[in-house]
Every structure is written in structure tokens, then in C-alpha cells.
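The next block holds one structure in the form of C-alpha cells; read it before the comments.
The values are calculated or read from the model by the stated rules, or taken from the named source; none is laboratory data. Predicted model only: the values in this text are computed from it and were never measured. All Cβ positions, even for glycine, are placed from backbone atoms using ideal geometry, and neighbour counts span all protein chains on display. Please note that ligands, DNA and RNA were not included when accessible areas were found on the heavy atoms of the full protein model with its side chains. Shrake-Rupley method; radii C 1.70, N 1.55, O 1.52, S 1.80 Å.
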Amino acid sequence: QVQLVESGGGLVQAGGSLRLSCVASRKLFGNNTMAWYRQAPGKQRELAAVITSSGITNYADSVKGRFTISRDNAKNTVYLQMNSLKPEDTAVYYCRVEEYGTSYWGQGTQVTVSS
């Protein structure tokens, strides 16, 4: 079992930046992935960014060039640096970990971007 705790969300003006953090309750093993998803009101949850245990990253087209995902394995933490934020980035951001085929989700953190 893995518990995930996200932090760093908040209210920011368009063009601003936020850094999200997600701490896992224990070290992860195997070929695991850590990811950030987001869900805007009335929309389906979508993948924003993912990073593998070997450091390979992938981004949704909508955030490419503005968001950066990284991880610190010593701290069991994944980060999402979000720059040049837009109102359409407003959503609840969820951390997801997949380890040995099992997924774990955090409780989510709200990001609101005002125009």
C-alpha cells in the first residue's frame, strides 16, 4: 500500500507559476511511474505529465513547454513545476503512482488560475 499526499496548489494569476509536490509514504520499487493528472469541472480526468523510474518523461500537448515533472527518489517525491499558467489549467491535480501494476491516487490539490 502507498499513501500519497499532494501539496502546493492555490490561486494564481494567469502567467504565474506554481510547484506541486506529492510525497509517497514509502520507497517505490520496480519499474514504477509517478504522474500528475488533472480534472477540470465537468471534464474527464486527464494525464498532464508522467515520469518513469528511469527518468523518462512524457507530457500532454496542452502543457508541453510550460510544465516540468521531476522526481526525487531519496524523498519519495514527485514534483510538477507549472509555469505560464493559463485559466484553462484550472483543475484539481491528482498524483498517481503505479507500481507492479497497481495504481495509487492522492486526494488532489486545487489549482485555480485567474484571468
> Using a 1.4 Å probe on the protein chains only, how many percent of the accessible area of the stretch 1-81 belongs to carbon and sulfur?
Replying inline: 49 percent
> Could you give the accessible area per residue of the chain, probe 1.4 Å, as a whole number in Å²?
Replying inline: 52 Å²
> Taking the Cβ-Cβ separation of Gln13 and Thr102 as r and a Förster radius of 41 Å, what is the calculated FRET efficiency to the nearest 0.05?
Replying inline: 0.60
>> Ignoring solvent entirely, what values of log10 I(q)/I(0) come out of the Debye formula for the chain at 0.11, 0.15, 0.20, 0.21 Å⁻¹ when each Cα is a single scatterer?
In response: -0.31, -0.58, -1.03, -1.12
>> Can you tell me, using C-alpha contacts under 8 Å and at least 6 residues apart, the relative contact order of the chain as a whole percent?
In response: 37 percent
> Given the C-alpha centroids of the stretch 62-111 and the stretch 4-54, what is the distance between them in whole angstrom?
Replying inline: 1 Å
